[in-house]
1. So which of K46/K123; K97/K247; K158/K234 end up more than 18 Å apart by C-alpha?
2. Return the distance in nm (one decimal) between the two label points of a simple spin-label model at D201 and R467, each offset 7 Å from Cα along Cα→Cβ.
3. Protein chains only, probe 1.4 Å: how do V296, V476 rank by accessible area, largest first?
4. Rounded to the nearest percent, how much of the accessible area of region 377-507 (1.4 Å probe, protein heavy atoms only) is carbon and sulfur?
5. Using only alpha-carbon positions, what ratio does the radius of gyration of region 18-173 give when scaled by 2.2 N^0.38 Å?
6. Expressed in nm², what is the orientationally averaged projection area of the convex hull enclosing the Cα positions of the chain?
7. Taking 0.36 nm per intervening residue step and subtracting the Cα-Cα distance, what contour gain separates K15 from V296 on full extension?
8. Ignoring ligands, DNA and RNA, what accessible area per residue does the chain give at 1.4 Å, in Å²?
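The values are calculated or read from the model by the stated rules, or taken from the named source; none is laboratory data. Being a predicted model, the structure only gives us computed values, none of them experimental. Using ideal geometry, Cβ is built from the backbone for each residue, glycine included, and neighbour counts are taken over all protein chains shown. For accessibility, only protein heavy atoms count, side chains too; no ligands or nucleic acids. Shrake-Rupley method; radii C 1.70, N 1.55, O 1.52, S 1.80 Å.
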Amino acid sequence: MTKELQVLKALDVAKTQWYHFTAIVIAGMGFFTDAYDLFCISLVTKLLGRLYYYKAGSPDPGSLPSNVSAAVNGVALCGTLAGQLFFGWLGDKMGRKSAYGMTLMLMVICSIACGLSFGNNPKAVMATLCFFRFWLGFGIGGDYPLSATIMSEYANKKTRGAFIAAVFAMQGFGILAGGMVAIIVSAAFKAKYPAQAYKFDNIGSTPPEADYVWRIIVMFGAIPAALTYYWRMKMPETARYTALVAKNAKQAAADMTKVLQVELETEQEKIDDRERGNDFGLFSAEFVSRHGLHLVGTTTAWFLLDIAFYSQNLFQKDIFTGINWIPKPKEMSALEEVFRIGRAQTLIALCSTVPGYWFTVAFIDKIGRFAIQLMGFFFMTVFMFALALPYHHWTLEANRIGFVVMYALTFFFANFGPNATTFVVPAEIFPARLRSTCHGISAAAGKAGAIVGAFGFQYAEKGIGVRNTLITLGVVNFLGIVFTFLVPESKGRSLEEMSGEAEEEHEVEEESEAAPEVKAAG
C-alpha cells in the first residue's frame, strides 16, 4: 500500500464545491482576456491600413504592407511563446501563485499601452503597437501553463477534465467579446461621425475620429484582467505544489483545510519519504524514458493544431471578403468595415466557437481526451478538404452560405476537439515539479505553430492561393491524427497515477521496508 498523502486523496475525491467554481472563474477570466487580446487585432488591422497607409488618388483604401501586417498580427504570438516557456519554468520554481499575479499585471499594463502611441506617424504607431503587443503576449503566455496547472491541481479526479476545459472555454467568450466590442464602438462612432463609402469620398470615408476606435477596442482588454487581480492574489497555493514540490505538509494541510472545509492532518514524514527517488530532472534519461514520448505527443499535436487554428482565426476576414460575404473595402467607409468584420467574427464565435468549447466541457470526462482529440482532428481534415477541393464552387454567390457553414464546422470541431484537449492533457500527465514547465513547452510548441500560421498563411494566400493553402491545412490536420496516438488517456485517474509519482512512492516504500530485513540478516 502506498503512503498516499491524505491532502491529495481529499482533493481527488472531493465533491464539486463552490471553490471549484471560483477557481474556474478566476483562472477563466485570464483566458477570456487572453483570447480578447490575441484576436481583437484582426478586427482593426484593416482600419489601421486606412488610417496610416492611405495613398492619395488610389482606387482602393490604404492597407497595411504585408510585412507590417504580419508583424502586427504575429508579434503577440512571439511574446506568448516566450512567456509560456519562462512562466512555465517559473511556476515550478517559485510556485504557481507567485508567478500568477505577474502575468496579470503585465496584461493590464500592456493592453493599455497598446492603445497609446509615441507620435502619430505610421512608423511610430506600428512600432509602439508591436512593442507592447510583444509584452502583452509575454503575459498572456504565462497564463497558459499557470492556469492549466492550478486548475488540474485543485480539481477532483472525476471532473478534472471538465474543470480545466471550462477554464479554456472562456477563450470562446473572449473572442465573442472582441467582436461585440468592435460592433458597439464602431456603431457608436458611425452614428456620431457618418461617412460615405471610399469610392464616393476617398478622404472623408475615414473620419479622423476613427483613430480612437482601434485604440478603444485594443485597450478594453485591460478591464477584465484588472477585475480579477485581487481574487488571484487571494487564492492559496495549490496543495500539490506545497506538498510535493515545496515539501511543506503543514502548509498544504492548512490551505486545503480552509478550501475543502474538512480537517486534514499534517503528514510531513510521508513527504520526507517521498523525497528519495522522485527527483529526476527534465533533461534526465529517466524523464525521457518515462515521459519523453508523451512530451513529443503533446508538443506536436498542439503545434499542428495551431497552424490551422490561428490561420483560420486571424485571417477569416480575408476569406469572408474573398467570398464576398463582406463587401469590397472601397464599397464601405472605414467604420462600416470594422462593424462588418466584428459582426462576422461574432456570428462565427456564437454559432461554432463557443458551442464547440462547451461540448468539450460536457463530454471530456465521459468519452475521454483521446477520443475527442482524434475526432476533432478527423473532422477538421474532412471539412478542410471539403472547402478546398471544390473551392471555385464555394466562391459562387449561390453557395456562399454553404461555405460559411462548412468554415464554421471546422471551428466547431477544432474546439470540440484538439484545441481544448491539447490544453488539458499536459496539465495532467507530468510530475508535479515539472508540470508547469512541460505544459509551458507544449503550449510554446503550439504558439510556434500559430506563428507559422499567422506569417505563413499571409504569404501562402498570395503565393499559392487560398485553395492550395486550405489543402495544406487539411494535410496538417491529418498529421494531427497521427501524433494523437502518442498521448495517453488520463480520464478518471489521479495526477500522481498519471505522472508515475504514485509508482515512485511505492518503490521508495518497498526499499525502506527491505532495509530493516537486510540489517537483521547482517
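1. On the way: K46/K123 16 Å; K97/K247 16 Å; K158/K234 26 Å.
The answer is K158/K234.
2. Rounded to a tenth, the inter-label distance reads 4.1 nm.
3. Working: V296 65, V476 20 Å².
Correct descending sequence by accessible area is V296, V476.
4. Numbers: 3200 of 4350 Å².
Carbon and sulfur together cover 74 percent of it.
5. Values: Rg = 18.2 Å, N = 156, 2.2 N^0.38 = 15.0 Å.
After normalising by residue count via 2.2 N^0.38 Å, the value is 1.21.
6. Working: hull surface 100.3 nm².
Mean orientational projected area (the chain, Cα hull): 25.1 nm².
7. Values: separation 281, 0.36 × 281 = 101.16 nm, distance 3.39 nm.
Using 0.36 nm per residue and subtracting the Cα-Cα distance, I get 97.8 nm.
8. Details: 19740 Å² over 522 residues.
Value returned for the chain: 38 Å² of accessible area per residue.
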